[in-house]
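Have a look at the structure below before the remarks.
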Amino acid sequence: MFVVGILVGLDRRIPKTFQSVGWRVLTIPVAAVVGTTLGVLLLSALLALPHHHTLAVGYGLGYYSLSSIMIDQLVGERLALVALLSNVARELLTVVGAPILVRLFGPFAPILAGGATTMDTALPSII
């Protein structure tokens, strides 16, 4: 992940992209993280679960292949399984529910709902 961050940071097209699209485009990932945080904290309070565990699962943001492995190494296999299932469910709900999300909340709703999956597997449904 560190190397990917460096490679993206070294891409000389990024400043030009921000100039043409505008910095408002950053509101999409920020809204996804804020919405996930609020939803996870609410769920944590309702189910009386530890905040740090629910936040770890929620911050997978649909990236099930990485988040479950990291949670398994740091916390254990039970929470890793929860992370895997919640991230897969997030992806499935995004793929199946994309048309409904667009109708109810606008064109960016499936991107916010899908998190990391909007870059690959959920992309055809969003488009």
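The values are calculated or read from the model by the stated rules, or taken from the named source; none is laboratory data. Quick caveat: nothing in here was measured; it's all calculated off a predicted structure. A quick note on method: Cβ atoms are made from the backbone with ideal geometry, for glycine too, and the neighbour counts reach across all protein chains shown.
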### Task
Check whether at least one residue in the range 67-83 is closer than 14 Å to residue 112 by Cβ, part of a helix (DSSP H, G or I), touching a residue at least 24 places away in the same chain (Cβ under 8 Å) and small (Gly, Ala, Ser), and report yes or no.
no
### Task
Among what's in the range 93-127 and is within 13 Å of the chain's Cα centre (by Cα) and loosely packed, with under 14 Cβ neighbours inside 10 Å, pick the residue that is nearest to residue 24 (Cα to Cα).
119
### Task
Just give me the residues in the range 55-66 being part of a helix (DSSP H, G or I) and either more than 23 Å from residue 112 (Cα to Cα) or out of contact with any helix residue (DSSP H, G or I) (no Cβ under 6 Å at 6 or more places or on another chain) (or both), in sequence order.
65, 66
### Message
Tell me the residue from 30, 25, 21 that is closer than 27 Å to residue 55 by Cβ and at pLDDT below 85, please.
### Response
25
### Query
residue 117: in a helix (DSSP H, G or I), closer than 22 Å to residue 2 by Cα and out of contact with any strand residue (DSSP E or B) (no Cβ under 6 Å at 6 or more places or on another chain), yes or no?
yes
### Query
Could we say that residue 124 is modelled with pLDDT under 90 and not basic (Lys, Arg) here?
yes
### Task
Please find, among 62, 76, 58, the residue that is under 13 Å from the mean Cα position of the chain (by Cα) and either at pLDDT 85 or above or among the β-branched types (Val, Ile, Thr) (or both).
58
### Task
Look at the range 25-53 and say how many of its residues are over 27 Å from residue 106 (Cβ atoms) and either touching a strand residue (DSSP E or B) at 6+ places or on another chain (Cβ under 7 Å) or surrounded by 14 or more Cβ atoms within 10 Å (Cβ to Cβ) (or both).
3
#### Entry: Selection count, the range 7-24, where residues are loosely packed, with under 10 Cβ neighbours inside 10 Å and β-branched (Val, Ile, Thr)
1
### Residue under evaluation residue 98, criteria (1) part of a helix (DSSP H, G or I); (2) of a type outside the set (Val, Ile, Thr); (3) over 15 Å from residue 120 (Cα atoms), criterion not met
(3)
